[in-house]
Structures are given as structure tokens and as C-alpha cells.
Amino acid sequence: MSANGEVLSPVAAVPVLGDVVGFLDGAARQVGLPFAFRAFLELVVAGVFAYLLLRLVTARLLPWAGEALVLPVTMLTRGALVLLLLPDLGISCLVRRFGRTPPEFVYGYGAAVVAVVEAVEDLVRRGLPKLAFTRAMRPWLLIVLLAAGFLLWNNQNCVPGKAQCVSPVQIWVASFGTPQ
């Protein structure tokens, strides 16, 4: 809803984009465009903006992140390996202090930890660079992703346990019947 009580498009509640839509609505109202045309124009602008943002993320950000995050994540897995092997070291040192050999489960624990961490590291080393495939995503697939995201957003707006749920698009469509 705008400052004067007029219903904007359903994307007016989306952070950042809502501010752009509000500014666009104010400018279009000053020009004298009818409410239905303004609302349609705002949805088109929001769709184009969302498409361009998704295109930027898939063509630039994800491929870059796939390459840039390999080293930090593998360093993190190595740090986790050291931390997870500390109990093994502690038990082994304590048992050896008494002149005994550590129990078999200590060796099993260490071997399991090393196997799991190395599997995760291998997955990271092979999986993160695969994010570069997003660079080649077709425009129609991005549009399908945007449509699915819009449908999820429209349906996730309801509070659980509430008797009646009205989606943002239902409110927006109902506003066409009210005098603007």
C-alpha cells in the first residue's frame, strides 16, 4: 500500500525492489497513468529487474564463487579434520602413557573421520568448480526459475494456523475493483 492508501503491485513488499516500485508508482501517478497500467508496468519492470539480477548471478557470481571458494573450503575441511581428530589423539596419548596400546575403536574413529573429511573435500574440489555450468543457462530456463520463485513467494506469504490466507496477488487483483 502506498502512503495515500492505494494498493501497489504485489512486489511492493519485496525488500529493495519494493522501494523501486514505490518510486516508479509515484512517478507514473504524477504523469497521470491509470492504476491498471501502472500496476502492469511495475510488474514488467520488476520481472525484467529480477531476470537481469538472476542472469548476473548465474553468469558471473556463481562461476566466480565456484573457483574462489575451493581453497577456503578445503582449508576449512582440514581445520575440521584436525579438530575432529583431537579426541583420537587425546585418548591415544592417555592410553600410551599407561604403557598400553589404544583400543581398536580409537583407530576406527580416526579412520572414519579421515575418510569422511576427505570425501567432503573431494566433493568440494570437484563440485564447486561445476558451478561454472550456470554461465551457459538458457534464458528460458531463467524465466522458468523466476516464475517458480514468484509462485513460491506468492504462496509463502500466509501465516500458518490462520483461518483464511490471502496471497499478495489476490490482494492486488482485488484492488482493481476498488476506485483508485
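Glu121 passes every criterion in (1) surrounded by fewer than 14 Cβ atoms within 10 Å (Cβ to Cβ); (2) more than 30 Å from Ala50 (Cα to Cα) apart from (1). For segment 81-117, the set of residues classified as open to solvent by 60 Å² or more (accessible area, probe 1.4 Å) and in contact (Cβ under 8 Å) with a residue 24 or more places away in the chain consists of Leu84 only. Summed over segment 21-54, residues that are open to solvent by 30 Å² or more (accessible area, probe 1.4 Å) and basic (Lys, Arg) total 1. List pairs: first in segment 22-34 and without any contact (Cβ under 8 Å) to a residue 60 or more places away in the chain, second part of a helix (DSSP H, G or I), Cβ under 7 Å, 6+ apart or cross-chain? Qualifying pairs under 7 Å: Gly22/Ala12; Leu24/Glu42; Leu24/Val45; Asp25/Arg38; Asp25/Glu42; Ala28/Arg38; Ala28/Leu41; Arg29/Arg38. Tell me whether segment 16-39 contains one or more residues that are at pLDDT 90 or above, out of contact with any Gly (no Cβ under 9 Å at 6 or more places or on another chain) and within 30 Å of Arg135 (Cβ to Cβ). No, the conditions are met nowhere in segment 16-39. Among the residues that make up segment 106-125, is at least one of them of a type in the set (Lys, Arg) and within 30 Å of Ala59 (Cβ to Cβ)? Yes. Of the residues making up segment 95-146, those that are farther than 26 Å from Ala46 by Cα and among the small types (Gly, Ala, Ser) are Gly99, Gly108, Gly110, Ala111, Ala112, Ala115, Ala119, Gly127, Ala132. With respect to the conditions (1) open to solvent by less than 60 Å² (accessible area, probe 1.4 Å); (2) modelled with pLDDT under 90; (3) more than 19 Å from the chain's Cα centre (by Cα), Arg138 falls short on a single one, namely (1). Checked across segment 73-92, the condition of being farther than 26 Å from Leu131 by Cα and either in a loop (DSSP other than H, G, I, E, B) or touching a strand residue (DSSP E or B) at 6+ places or on another chain (Cβ under 8 Å) (or both) holds for no residue.
The values are calculated or read from the model by the stated rules, or taken from the named source; none is laboratory data. Being a predicted model, the structure only gives us computed values, none of them experimental. As a convention, Cβ positions derive from the backbone with ideal geometry for all residues, glycine included, and neighbour counts pool all protein chains shown. Side chains are part of the model used for accessible areas, which takes the heavy atoms of the whole protein and leaves out ligands, DNA and RNA. Shrake-Rupley method; radii C 1.70, N 1.55, O 1.52, S 1.80 Å.
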